[in-house]
Amino acid sequence: MLFFVYYGLGPQETAAIQAIYLEYRYLMKKVALSYFSDDFSAEDIVSLALYKLRNHLSKIPDIPSPSAQSYIVRVVKSVAVDYKRKTAKNPNASLEQMLEEYGFDAKSETPSVEEMLILDETVDAIKAALELLDRRQHDAVLYHKYFGLTLRETADRMRISSTSTVQYLCQSGLAKLKEAMLEGGGRIAK
């Protein structure tokens, strides 16, 4: 259902969309079901809402929060009303047509087979390199570099008192990753 949402997004945006989905998926579906009684239409609404939210991530406050929940519910309601109106005009309208109206172009955003293979190889290489890190380096790199948490937020999450320790863990972890990628012939480290 959510496969299309991640194309064209960087790691931070992808993480934000995933966080929204994981935190609010049941609420989003419940709101969608208040407009449509079938699960398929409700899932379409949730997908469309997530696609719409990806263009407004800067407007979404910290997750979870009442203000984020309120904003997300408003977006789902707006998408549901649009979807209901458009399907009333054209009962044969597909999800793809609705996505095109939101600006999604499947042809331009869908990677080629070659790109998918390269991406799979790259992801496998990164996973293997991440396994070489010790636990604290692994967590520091993921929290700070991938999820975009500040040094202070990363330190708090890892229960470390000093942000300089987190910075050191990130630097040493990234150095190990780069070395592992270069040894493995990975294109990422270059």
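Here are the numbers for the structure shown:
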{"item": "From 81, 76, residue being over 24 Å from residue 148 (Cα atoms) and under 18 Å from the mean Cα position of the chain (by Cα)", "result": "76"}
{"item": "Qualifying helices (runs of 4 or more DSSP H) (wholly inside the range 16-113; at least 1 residues being modelled with pLDDT under 80)", "result": "66-89, 95-101, 106-109"}
{"item": "Number of positions in the range 134-144 that are open to solvent by less than 50 Å² (accessible area, probe 1.4 Å) and under 25 Å from residue 63 (Cβ atoms)", "result": "6"}
{"item": "Counted residues, the range 145-161 - those being open to solvent by 40 Å² or more (accessible area, probe 1.4 Å) and modelled with pLDDT under 85", "result": "3"}
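The values are calculated or read from the model by the stated rules, or taken from the named source; none is laboratory data. Note that the structure is predicted; figures quoted are calculated from it, not measured. All Cβ positions, even for glycine, are placed from backbone atoms using ideal geometry, and neighbour counts span all protein chains on display. Heads up: the accessible areas ignore ligands, DNA and RNA and are worked out on the full protein's heavy atoms, side chains in. Shrake-Rupley method; radii C 1.70, N 1.55, O 1.52, S 1.80 Å.
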